[in-house]
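Chemist: Would you mind keeping the following structure in view while I ask a few things?
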Amino acid sequence: MYRFLLVILIFYACNGSASNTVASKDTMQSSQTIHTNVTDTVVTHAKPIVLNGCYQMILKKDTATMHLTVKDSTVTGELQYDFYQKDDNSGTLKGVLRNDIIYADYTFESEGKVSVRELAFKVRDRKLVQGFGNIKERNGKITFQNLQQLQFQSENPFVKIACP
């Protein structure tokens, strides 16, 4: 009887690890959005899009400018917000590209203080659409409470421009 239970446990353990291996392999493949021949490209709807470059978002008298560098799934860059009659802020981005979404930490200085805020951008129609959601402070960093509940607002996208 004990041998029978041992055989069943080993069978389930082997099956569980095999299915976990398959699941993690599938997850790895689905999280790879980079075109295999170009390391700065994301594939959306079977159309490769080169993400490296400069982007700008204009909302009335407010402007945000971003310069991105994407290599494999690593994203780095610079971001500057120029707000009309408010304090501007500028800093660096460091994050990852998962599927068609960039998740990054934005380390910036505003009013002489250095802060870190989590940002998300969805690649949509050759533009970057910023994600918004409920936030909280965790260990001195502003983070989203739930990444699955982010809302990506298409009205004010970051549009690719020629880099200055």
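The values are calculated or read from the model by the stated rules, or taken from the named source; none is laboratory data. The structure displayed is predicted, hence computed values, not measured ones. Note that we place each Cβ from the backbone using ideal geometry, even for glycine, and neighbour counts take in every protein chain shown.
Chemist: Just to check your reading of the model, which residue among 97, 119, 147, 93 is in contact (Cβ under 8 Å) with a residue 60 or more places away in the chain and among the aliphatic types (A, V, I, L, M)?
Modeler: Testing whether each residue is in contact (Cβ under 8 Å) with a residue 60 or more places away in the chain and among the aliphatic types (A, V, I, L, M) leaves just 97.
Chemist: Only one of these is loosely packed, with under 15 Cβ neighbours inside 10 Å and either modelled with pLDDT under 95 or out of contact with any Phe, Trp or Tyr (no Cβ under 7 Å at 6 or more places or on another chain) (or both): 51, 97, 59. Name it.
Modeler: When all the criteria are applied, what remains is 59.
Chemist: Same structure again: So, in region 81-94, exactly how many residues are over 17 Å from the mean Cα position of the chain (by Cα) and either in a strand (DSSP E or B) or exposed (fewer than 15 other Cβ atoms within 10 Å of the Cβ) (or both)?
Modeler: Number satisfying all stated conditions: 9.
Chemist: Let me ask you something else. Contact list please: Cβ distance under 6 Å, first residue in region 122-139 and in a strand (DSSP E or B), second residue surrounded by 12 or more Cβ atoms within 10 Å (Cβ to Cβ) and basic (Lys, Arg), pairs at least six apart or on different chains.
Modeler: 129/122
Chemist: Next question, about the same structure. Residues being crowded, with 17+ Cβ neighbours inside 10 Å and in contact with a Ser or Thr (Cβ under 7 Å, 6 or more places away or on another chain): count how many of those fall in region 62-78.
Modeler: Qualifying residue count, region 62-78: 1.
Chemist: Where the second residue is part of a loop (DSSP other than H, G, I, E, B) and not acidic (Asp, Glu) and the first is under 11 Å from residue 157 (Cβ atoms) and lies in region 48-64, which pairs have Cβ atoms under 6 Å and are six or more apart or on separate chains?
Modeler: Listed by first residue and then by second, the contacts come to 57/156; 59/156.
Chemist: Can you tell me which residue in region 109-164 is surrounded by the most Cβ atoms within 10 Å (Cβ to Cβ), limited to those that are among the hydrophobic types (A, V, I, L, M, F, W, C) and more than 20 Å from residue 58 (Cα to Cα)?
Modeler: Here the residue is 144.
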